[in-house]
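**Q** Below is one structure. I have some questions about it.
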Amino acid sequence: MVYITSWDEFVDRSVQLFRADPESTRYCMKYRHCDGKLVLKVTDNRECLKFKTDQAQDAKKMEKLNNIFFTLMARGPDDVAEAAGKDQMEPQATKKGRGRKQ
Amino acid sequence: MVLLQPDPFLNELTSMYERSTEQGSVWVTLKRSSLKSKVQRNKMKTAGDSIEYRCLIRATDGKKTISTSVGAKDHQRFQASYATILKAHMTALKKRERKDKKKAAEGAVSKKSRQVS
């Protein structure tokens with residue numbers, strides 16, 4: 001399991017993963033109150049990125065990440081606010097985006 | 001697997017968190033899905049229709065699984081409620097005390113050594 005230590009790196013790589021394959025990428029979160037631990041996992045069934053923490057400040061960051069993923073998933077990976085700075089590729093409306101580019 | 005509407009899902013999720021304070025975990029998974037089969041998707045693509053994507057959210061406490069599907073219209077509202085639930089329940093995580101250097105030096109050595117860098 002690939003545990004990422006830097007939050008920003010985790011966010012960047014997971015958004016990249018999602019944009020590359022939105023159909024099969026999923027974002028999982030596991031919370032254990034008794035241990036006070038939170039683990040996040042983003043995988044596209046080929047590659048897996050994980051992040052674990054026991055810090056309250058990371059919960060806030062996770063909420064922002066939740067927002068990012070919600071928007072990406074519900075709207076389609078062409079959300080304008082996300083595209084700025086995160087992606088150099090042309091935003092694609094369809095899931096794989098190969099048909100319409102030509 | 002129980003498929004619910006967003007609001008009952010949030011209520012169930014809250015009770016899941018409340019039930020697993022002493023032991024157990026809560027898993028929440030987010031995935032994009034158009035909820036159509038591949039054949040239908042291809043048909044819609046060739047017909048020129050835009051496919052409406054929804055965000056599938058599943059939650060489980062190890063025994064029971066609930067799920068809901070949220071579209072672009074309701075995702076803002078769902079997101080806000082979901083964030084509130086998380087904030088309310090994730091209380092077991094540690095808070096960093098950077099300002100109280102005295103305290104850190106005296107007592108809480110364990111917190112410093114467990115910092116995630």
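**Q** Considering every residue in B:84-90, what mean count of other chain Cβ atoms within 10 Å of its Cβ is obtained? Don't skip to the end; give the middle numbers.
**A** Details: counts 1, 0, 8, 4, 0, 3, 10.
Taking the mean over all residues of the peptide, I get 4.
**Q** Just checking the output field for B:28-38: average partner chain Cβ neighbours within 10 Å of each residue's Cβ?
**A** Taking the mean over all residues of the peptide, I get 5.
**Q** Quick one: grab the alpha carbon gyration tensor of region B:27-86, order the square roots of its eigenvalues as a ≥ b ≥ c, and give me rounded if a/c is under 1.5, else prolate or oblate depending on whether a/b is larger than b/c. Show your work: numbers first, answer last.
**A** Numbers: a/c = 4.71, a/b = 1.79, b/c = 2.63.
Verdict is oblate for region B:27-86.
**Q** Taking every DSSP beta bridge with both residues inside region B:1-95, roughly what % is antiparallel (nearest 5)?
**A** 80
**Q** For region B:1-91, give the percent of accessible area contributed by carbon and sulfur heavy atoms, probe 1.4 Å, rounded to a whole number.
**A** Values: 2550 of 4980 Å².
Carbon plus sulfur share of accessible area: 51 percent.
**Q** Applying 1/(1 + (r/R0)^6) with R0 = 22 Å to the Cβ-Cβ distance of A:D35 and B:T84, what FRET efficiency is obtained, to the nearest 0.05? Don't skip to the end; give the middle numbers.
**A** Numbers: r = 23 Å, r/R0 = 1.05.
Step by step, r from the Cβ atoms, then E = 0.45.
**Q** For a 22 Å ceiling on Cα separation, which of these pairs sit above it: A:K41/B:K36; A:K61/B:K87; A:K52/B:K94; A:K41/B:K63; A:K64/B:K64; B:K36/B:K73? Each step should come with its number before you reach the end.
**A** On the way: A:K41/B:K36 25 Å; A:K61/B:K87 11 Å; A:K52/B:K94 13 Å; A:K41/B:K63 20 Å; A:K64/B:K64 27 Å; B:K36/B:K73 19 Å.
In this structure, A:K41/B:K36; A:K64/B:K64 lie more than 22 Å apart at Cα.
**Q** Do you know which residues of region B:5-26 lose at least 30 square angstrom of accessible area in the protein assembly compared with their chain on its own, with a 1.4 angstrom probe?
**A** Going by heavy-atom accessible area, the residues of region B:5-26 that drop by at least 30 Å² are B:T21, B:G24, B:S25, B:V26.
**Q** Tell me: how much accessible area in total is hidden between A and B, 1.4 Å probe, Å², nearest 100?
**A** On the way: alone 7100 and 9340 Å², together 12510 Å².
Buried area between the two chains comes out at roughly 3900 Å².
**Q** What FRET efficiency would be calculated for the residue pair A:C48, B:S33, taking the C-beta separation as r and a Förster radius of 30 Å, to the nearest 0.05?
**A** With a Förster radius of 30 Å, E is 0.95.
The values are calculated or read from the model by the stated rules, or taken from the named source; none is laboratory data. As the structure is a prediction and not an experimental result, all values here were calculated from the model. Here Cβ is always computed from backbone atoms with ideal geometry, including for glycine, and neighbour counts include all displayed protein chains. Note: areas computed on protein heavy atoms with side chains; ligands, DNA, RNA excluded. Shrake-Rupley method; radii C 1.70, N 1.55, O 1.52, S 1.80 Å.
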